[in-house]
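**Q** One structure coming up, written as structure tokens, with questions to follow.
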Amino acid sequence: MQKIPATVITGFLGAGKTTMIRNLLSNAGGRKIALIINEFGDLGVDGDVLKGCGAEACTEDDIIELTNGCICCTVADDFIPTMTKLLERENRPDHIVIETSGLALPQPLVAAFNWPDIRTQVTVDGVVTVVDSAAVAAGRFADDHDKVDAARVQDESLDHESPIEELFEDQLTCADLIVLNKSDLIDAAGLESVKAEVASRIARKPTMIAAKNGDVPSAVLLGLGVGTESDLEARKSHHELEHESGEEHSHDEFDSFVVELGPVADPAGFVEKLKGVIAEHDILRLKGFVDVPAKPMRLQIQAVGSRIDQYFDRAWTSGEPRATRLVVIGLHDMDEAAVRDAIAALA
């Protein structure tokens, strides 16, 4: 039996993974695709977005959400049983696409494809890492890149890397294809700088391509034919190196929670004020849906730093409670109570 190819799509928070997958599903070239989504937080926003895309290649039955925590920490308890059930289906998919949470390490997930029940039936076609080019151009992954780089030149033993930087590097290290998304938000010189920055962080040299709005042809994303599960020795993460030295891994550097509100009468004003809350409390990511009175459709909000995208994605369904629900993701020392109060005051 021919192995089913699986594509792992990873990337930092807000890099544009969901948009890219949505585009992929709408232009799948006749492939029947099963999609596994690992959402971070208690609200499966991304799955809800993708279910509304109406792509024939991926029906609601083909979309599986894993919301029990980071996929790299729940491989045995969550991912493996999900894959087993998927492979037991009579009508098996032509291709499996896995979207990791923005906080997941891809290496443990790829390693799971070597499990006996999976390796004979599925192979990792490739790992695609999506990068927010504008964020990297702005130095998002270090407190001050110039100072850190200068200090490293003077003292090779100095290490000022934050957990976010390590996560970023781990996702790049595992990649077979790096998509420099949101390239339209920077100029040509900025894009070249991002390419150099990304390349400097990894020993391997996977292919890099620029993209706007997650628009990458399915022929580019699918069919890489790498068999990544057989090449893990060349892709060791900080996580694995720490385990080799006996240290423990956790995602305690990040917290997430859901803020629930009532209807928002002035969505434009709400979004504008939300930018201030995000900046004041250093929120890494915010996403969810807003109930706008007298509007039959939900207003979707996706925020990365101070950049906020908003649009009406679909109509509220019959029997579905109308409410405003936002997932907030930030560092572990974020003041949850203060953030909740600040957002509640905007409605």
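**Q** Can you name the condition, by its number, that Gly190 falls short on among (1) open to solvent by 20 Å² or more (accessible area, probe 1.4 Å); (2) modelled with pLDDT of 90 or more; (3) farther than 28 Å from Met83 by Cα?
**A** Exception for Gly190: condition (1).
**Q** Any chance the stretch 112-121 includes a residue that's modelled with pLDDT of 85 or more, under 19 Å from the mean Cα position of the chain (by Cα) and open to solvent by less than 10 Å² (accessible area, probe 1.4 Å)?
**A** no
**Q** Based on this model, can you work out whether Gly214 counts as more than 16 Å from Met20 (Cβ to Cβ) and touching a residue at least 24 places away in the same chain (Cβ under 8 Å)?
**A** On the way: more than 16 Å from Met20 (Cβ to Cβ): no; touching a residue at least 24 places away in the same chain (Cβ under 8 Å): yes.
No.
**Q** Which residue pairs have Cβ atoms closer than 8 Å, lie 6 or more positions apart in sequence or on different chains, and pair a first residue in the stretch 329-340 that is closer than 13 Å to Glu280 by Cα with a second residue that is assigned to a helix (DSSP H, G or I) and of a type in the set (Val, Ile, Thr)?
**A** Gly330/Val339; Val339/Val277
**Q** Tell me, yes or no, whether the stretch 222-234 has at least one residue that is open to solvent by less than 80 Å² (accessible area, probe 1.4 Å), at pLDDT 70 or above and under 20 Å from Glu165 (Cα atoms).
**A** yes
**Q** Still on this model: Identify the residue in the stretch 9-35 that is modelled with pLDDT of 85 or more and more than 20 Å from Lys212 (Cα to Cα) and, among all such residues, is surrounded by the fewest Cβ atoms within 10 Å (Cβ to Cβ).
**A** Lys32
**Q** For the stretch 302-330, which positions are touching a Gly at 6+ places or on another chain (Cβ under 6 Å) and open to solvent by less than 40 Å² (accessible area, probe 1.4 Å)?
**A** Passing the criteria: Val304, Asp313, Leu326, Val327.
Every residue, every condition in (1) within 22 Å of the chain's Cα centre (by Cα); (2) surrounded by 13 or more Cβ atoms within 10 Å (Cβ to Cβ); (3) basic (Lys, Arg), yes or no:
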{"position": "Val259", "(1), (2), (3)": "yes, yes, no"}
{"position": "Pro263", "(1), (2), (3)": "no, yes, no"}
{"position": "Pro267", "(1), (2), (3)": "no, yes, no"}
{"position": "Glu272", "(1), (2), (3)": "no, no, no"}
{"position": "Lys275", "(1), (2), (3)": "yes, yes, yes"}
{"position": "Ala279", "(1), (2), (3)": "yes, no, no"}
{"position": "Gly288", "(1), (2), (3)": "yes, yes, no"}
{"position": "Leu299", "(1), (2), (3)": "yes, yes, no"}
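**Q** Now, a different point. Output the residues belonging to the stretch 154-177 that are assigned to a loop (DSSP other than H, G, I, E, B), modelled with pLDDT of 80 or more and among the charged types (D, E, K, R). Before you say what the answer is, go through the steps one by one.
**A** Step one: of the stretch 154-177, the residues assigned to a loop (DSSP other than H, G, I, E, B) are 155-162, 174-176.
Filter again for modelled with pLDDT of 80 or more, leaving 174-176.
Answer for the stretch 154-177, where residues must be assigned to a loop (DSSP other than H, G, I, E, B), modelled with pLDDT of 80 or more and among the charged types (D, E, K, R): just Asp176.
The values are calculated or read from the model by the stated rules, or taken from the named source; none is laboratory data. A quick note: this is a predicted structure, and the numbers were derived from the prediction, not measured. For neighbour counting, all protein chains shown are included, and Cβ atoms are generated from backbone atoms with ideal geometry for every residue, glycine included. The protein model used for the area step is the full one, side chains on, heavy atoms only, and it has no ligands, DNA or RNA in it. Shrake-Rupley method; radii C 1.70, N 1.55, O 1.52, S 1.80 Å.
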